[in-house]
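Read through the structure below, which is laid out as C-alpha cells, and then see the notes.
A short reminder: the numbers here are calculations on the coordinates, not readings from a lab. Remember, predicted model here, so these are calculated numbers, not experimental data.
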Amino acid sequence: MCVPNRSHPTARSRPYPPLCGPCHPRAVDEDSLDLAKRSSLVARLFDGLGKSAPGALVELRGSLAEAGGGDRFSDIDLRLSVPGEEFESGLRRIPRTLDDIEAVRLFRLDPDAAPTSYSRLLYALFRDVPLFWRLDLEVVATPPLPSPEAAPFEGPWSRPVSALMNALAATRAAARGDDLRARELLCRGFERIG
C-alpha cells in the first residue's frame with residue numbers, strides 16, 4: 001500500500017492523492033495520440049541524431065523495439081552510440097540537435113543513472129508533442145573512454161519536474177488499466193513535492 005511521506009511536517013493534513021480526473025482513460029485525448037505522428041518523430045530523431053557526430057549509430061529500444069511496437073502511450077527509447085573521442089562534445093550538442101528536430105519543452109540529464117565516462121541517460125519532452133512520447137535517450141561511447149572520470153552533468157533532479165514525470169507515468173498506467181501502479185506513482189510524485 002502506498003502512503004504519503006509521514007516524515008514531512010504537513011503530511012498528516014494532506015489527503016491521499018485521488019485516482020481520478022486526468023488519470024481516467026477517457027480523459028486522455030486519443031486524437032492527439034496519432035501513431036503516424038510518433039513514427040514521423042522517431043524517424044526524424046533517427047536522422048538528426050545519426051548526423052550529430054561522426055560515426056554515430058541510433059538504435060530503437062524499449063517497447064517500440066518489441067514485436068508489438070508498444071501502444072499509443074509508449075514513450076520513445078533510443079540509444080545513441082558515438083565514438084569515444086566524440087562523447088563529451090556529442091553530449092554538449094544533443095540539446096541543440098534535439099531542438100533542431102522538434103522544439104524542446106524540457107531537457108534533463110539523469111544524475112542517478114550511474115554517470116560514467118562512457119554513458120549518460122537523457123530525457124526530453126517536446127513542445128506540441130504528447131507528454132507520453134517523452135524521449136529517453138541513452139548515450140554511450142563506443143569504445144568507452146579510458147578516463148575513469150564521470151561525464152559532466154547538471155546537478156540533482158528538479159523535485160517539481162520529477163513529480164510531474166511521476167504524474168505522467170501514473171496517467172499512462174491508469175490509461176492502460178493498471179490502477180495500482182498509477183496510485184503508487186501518484187504517491188511517489190506527491191512525496192517528491194512534499
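Annotations
- With θ taken as phi - 60° and the Karplus curve 6.51 cos²θ - 1.76 cosθ + 1.60 applied, the whole-hertz 3J(HN,Hα) list for segment 42-47 is 4, 4, 5, 5, 4, 5 Hz, x standing for glycine and proline.
- Computed over the Cα atoms of segment 42-146, the ratio of the radius of gyration to the Kirkwood radius (Rg/Rh) comes to 0.95.
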